[in-house]
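Notes for the one structure printed next.
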Amino acid sequence: MSILIYIDAENGKVKKSAYEVATYARSLATAQNVPLVALAVNVENPEKLGSYGVDKVLTLNDEKLQHFSAKAVARALQQAAAQEDVKVVVLSASSQAKHIAPLLAIYLKADYAANVISLPENGSTFSVKSHVFSNKAIAIQQLSTPIKLLSIAPNAFGVKENPTNAVVTPFVPTLADTDFDVQVTAVEKGTDKVSLDEAAIVVSGGRGLKGAENWGIIEELAEVLGAATACSKPVADMGWRPHAEHVGQTGKPVAPNLYIAIGISGAIQHLAGVNGSKVKLVINNDPEAPFFKAADYGVVGDAFSVVPELIKKLKARQ
């Protein structure tokens, strides 16, 4: 018996979300006294995963998988689970994993719990707590199938090193042409910016910035903090920022350690998508803005005065 994780990677580099999954799965493997196995697809230096508690790394190197294919990866995970006698598979909450999970649940005939925020409770049943309803509630889900499938809520467990002597071994699954029937033709992204999926800090702007030409203070603050930039729905709709930066219930849900909302009033749809953030800081010149009721910290003031001063102070500390 063993526990299997999928290693999220981009251009051969392991993502932070994969280390979060390894941290969670290491605790689970220790509690169940079973080995932790990882499937790493086209990953550079896979032996480094041993620093995060992985006992065995199955390396799958395939030119066809240079562009992500959810169906092919799900098939590979299915075969790895059979080879390693896996009882629990753990994924992240990344965009890749969200495509893989439903397919893998079907292939493994597995109960699936998403947005998990706890280890299984002790007892005769396999029960975990999960965020539901845009992180506004917690559900206790009981999984009863022979193989269980979990995806971990972002930033729910952090990253912790737990060195092991990882065994690295090649893995060659049987993949049919039909496993590649959905093809990625191009990927366009700003490679010089911190990804929203990976960011521990997010700096987000709203209509209070008054125009795309004023976005420099958002980008400068994000650069100083090593943060990702984001925006509210109206900002994306008006074309001030790309829709890929739209966070909220109707955009991309985020759960960073720190979410800084600048000039965002706090519509319920926006709050629902950022509610999982551990700390929320709001900067707004309207003391009645709804976001202040949900914030951990608030600054009532003009963003064009407050943010440059904040940047100045942060640079002085650096």
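The values are calculated or read from the model by the stated rules, or taken from the named source; none is laboratory data. It should be emphasised that the depicted structure is a prediction, and the values quoted were computed from it without experimental measurement. For neighbour counting, all protein chains shown are included, and Cβ atoms are generated from backbone atoms with ideal geometry for every residue, glycine included. Side chains included, ligands, DNA and RNA excluded: accessible areas come from the protein's heavy atoms. Shrake-Rupley method; radii C 1.70, N 1.55, O 1.52, S 1.80 Å.
Points worth noting:
- Selection count, region 17-34, where residues are open to solvent by 20 Å² or more (accessible area, probe 1.4 Å) and either in contact with a Gly (Cβ under 8 Å, 6 or more places away or on another chain) or in a helix (DSSP H, G or I) (or both): 6
- Residue list for region 142-173, restricted to those being within 20 Å of Pro102 (Cα to Cα) and touching a Lys or Arg at 6+ places or on another chain (Cβ under 8 Å): Thr145, Pro146, Ile147, Lys148, Ser151, Pro173
- Region 137-159, subset of a type in the set (Ser, Thr, Tyr) and assigned to a loop (DSSP other than H, G, I, E, B), residue surrounded by the fewest Cβ atoms within 10 Å (Cβ to Cβ): Ser144
- Within region 160-175, the set of residues being open to solvent by 60 Å² or more (accessible area, probe 1.4 Å), closer than 17 Å to Lys48 by Cβ and in a loop (DSSP other than H, G, I, E, B) comprises Lys160, Glu161, Asn162, Pro163, Asn165.
- Residue in region 77-89 that is under 20 Å from the mean Cα position of the chain (by Cα) and among the small types (Gly, Ala, Ser) present: no
- When the residues of region 62-91 are filtered to those that are at pLDDT 95 or above and polar (S, T, N, Q), the one that is surrounded by the fewest Cβ atoms within 10 Å (Cβ to Cβ) is Gln83.
- All conditions but one from (1) within 23 Å of Ile117 (Cα to Cα); (2) in contact with a strand residue (DSSP E or B) (Cβ under 8 Å, 6 or more places away or on another chain) apply to Ala255; the one that does not is (2).
- Test result for Thr250, open to solvent by 50 Å² or more (accessible area, probe 1.4 Å), of a type outside the set (Phe, Trp, Tyr) and within 22 Å of the chain's Cα centre (by Cα): yes
Condition check ((1) touching a Ser or Thr at 6+ places or on another chain (Cβ under 9 Å); (2) open to solvent by 10 Å² or more (accessible area, probe 1.4 Å); (3) aliphatic (A, V, I, L, M)) across all residues:
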residue	(1), (2), (3)
Ala261	yes, no, yes
Ala267	yes, yes, yes
Pro287	no, yes, no
Val306	no, yes, yes
Ala316	no, yes, yes
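- For the residues Asp111, Asp62, the requirement of being among the acidic types (Asp, Glu) and under 25 Å from Gly276 (Cα atoms) singles out Asp111.
- Region 22-46 residues that are at positive phi, paired with ones that are part of a helix (DSSP H, G or I) and of a type outside the set (Lys, Arg) (beta carbon under 8 Å, 6 or more apart): Asn42/Leu65; Asn42/Gln66
- Of the residues making up region 122-136, one or more are of a type outside the set (Asp, Glu), open to solvent by 60 Å² or more (accessible area, probe 1.4 Å), farther than 21 Å from Tyr24 by Cα and assigned to a loop (DSSP other than H, G, I, E, B).
- Exclusive hit being assigned to a loop (DSSP other than H, G, I, E, B), open to solvent by less than 20 Å² (accessible area, probe 1.4 Å) and more than 24 Å from Gly123 (Cβ to Cβ), set Val37, Val43: Val43
- Among the numbered conditions (1) in contact with a Gly (Cβ under 6 Å, 6 or more places away or on another chain); (2) open to solvent by 20 Å² or more (accessible area, probe 1.4 Å), the only one that Cys231 does not meet is (2).
- Scanning region 269-277 for residues that are open to solvent by 20 Å² or more (accessible area, probe 1.4 Å) and either hydroxyl-bearing (Ser, Thr, Tyr) or on the phi > 0 side of the Ramachandran plot (or both) turns up nothing.
- The set of residues from region 1-14 being within 18 Å of the chain's Cα centre (by Cα) and either open to solvent by 40 Å² or more (accessible area, probe 1.4 Å) or at positive phi (or both) comprises Glu10, Asn11, Gly12, Lys13.
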